[in-house]
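Right, one structure below, let's go through it.
The values are calculated or read from the model by the stated rules, or taken from the named source; none is laboratory data. For clarity, every value in this text was computed on a predicted model and none was experimentally measured. Reconstructed Cβ throughout: ideal geometry from the backbone, glycine too, with neighbour counts over all protein chains shown.
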Amino acid sequence: MTVGDGAEEPATPDRADLREVSRPGAGEVTAAVIVNASAERVFAALVSWERQSEWIPFTQVRVVEGDGGEGSLVEAVTAVGPATLRDEMRVVRVDAPYEVRVIHCGRLLRGPGVLRCTPLAGERTQVVWHEWFQLPGGAAGRVVWPLLWPGSKVGLTRALRRFGRRVEQGRLP
């Protein structure tokens, strides 16, 4: 499935809606990896939004609005069999080559996220991906989150490791 196949256009969130969804939620996930490359190279690869499809399994990513920088709207659609999850993110801050902040502003996934690149000695970079999702479903969502979280962390960590290998091999950006 590609993003354009029958996918409805994401709604552009207004400023008030962004304030509401920017609150950190109870669903928190973090993954980290060290990449043998400069922070500049790693950061450029991270914000190459549409190339994220190469290292995030089952996911197609595209820039819907803007140039990928601050103010842009990015859409990631993950499809496994008939199940599809659409994630819309507004890029709210870019501090190259150190940090990019997004706000997940879709119907299901809502809350802030950050990708950080920390330069280390020897042309290495630590990448930390941190998300704080507002959980849907009220009390039921809070009960289910601990069951979903380990899979989220494992999947996110695997994706970041794949990302790191591609950067080190010169396949990204």
Exercise for the section: Tell me which of these L135 doesn't satisfy, since it passes every other one: (1) within 16 Å of S22 (Cβ to Cβ); (2) assigned to a strand (DSSP E or B). Expected result: (2)
Exercise for the section: Might you check whether a residue that is touching a helix residue (DSSP H, G or I) at 6+ places or on another chain (Cβ under 9 Å), acidic (D, E) and buried (at least 17 other Cβ atoms within 10 Å of the Cβ) occurs anywhere in the range 81-100? Expected result: no
Handout entry: Filter pass, V114 being surrounded by fewer than 18 Cβ atoms within 10 Å (Cβ to Cβ), touching a helix residue (DSSP H, G or I) at 6+ places or on another chain (Cβ under 7 Å) and of a type in the set (A, V, I, L, M)
Key = no
Problem - Exclusive hit being assigned to a strand (DSSP E or B), out of contact with any Pro (no Cβ under 6 Å at 6 or more places or on another chain) and more than 16 Å from F43 (Cβ to Cβ), set R90, R116 - result: R90
Problem - Failed item, numbered, when R51 is tested on (1) modelled with pLDDT of 95 or more; (2) out of contact with any Pro (no Cβ under 8 Å at 6 or more places or on another chain); (3) not hydrophobic (A, V, I, L, M, F, W, C) - result: (2)
Handout entry: Whichever residue in the range 33-75 is in a strand (DSSP E or B) and touching a helix residue (DSSP H, G or I) at 6+ places or on another chain (Cβ under 7 Å) and, among such residues, is nearest to E168 (Cα to Cα)
Key = V35
Exercise for the section: Residue by residue through the range 76-108, note down the ones that are charged (D, E, K, R) and under 21 Å from L135 (Cβ atoms). Expected result: R86, D87, E88, R90, R101, R107
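Suppose we filter the range 54-95 for residues that are among the aromatic types (F, W, Y) and modelled with pLDDT of 95 or more; how many remain? Write out each step before concluding.
Of the residues in the range 54-95, the ones among the aromatic types (F, W, Y) are 55, 58.
Adding the requirement that they be modelled with pLDDT of 95 or more leaves 55.
Going through the range 54-95 one residue at a time, the tally reaches 1.
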Problem - Tabulated pairs, the range 142-165, first closer than 12 Å to G27 by Cβ, second among the hydrophobic types (A, V, I, L, M, F, W, C) and modelled with pLDDT of 90 or more, C-beta under 7 angstrom, 6+ apart or interchain - result: K153/A31
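Against the condition in contact with a strand residue (DSSP E or B) (Cβ under 8 Å, 6 or more places away or on another chain), among the charged types (D, E, K, R) and modelled with pLDDT of 95 or more, how does R23 come out, does it pass?
Working: in contact with a strand residue (DSSP E or B) (Cβ under 8 Å, 6 or more places away or on another chain): yes; among the charged types (D, E, K, R): yes; modelled with pLDDT of 95 or more: no.
Taking the combined requirement at face value, the residue does not satisfy it.
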Exercise for the section: Go through A140, A121 for me and flag whichever is modelled with pLDDT under 95 and over 16 Å from the mean Cα position of the chain (by Cα). Expected result: A140
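Going by what's in this entry, would T125 be described as part of a strand (DSSP E or B), touching a residue at least 12 places away in the same chain (Cβ under 8 Å) and in contact with a Cys (Cβ under 7 Å, 6 or more places away or on another chain)? Full working, then the answer.
Details: part of a strand (DSSP E or B): yes; touching a residue at least 12 places away in the same chain (Cβ under 8 Å): yes; in contact with a Cys (Cβ under 7 Å, 6 or more places away or on another chain): yes.
Taking the combined requirement at face value, the residue satisfies it.
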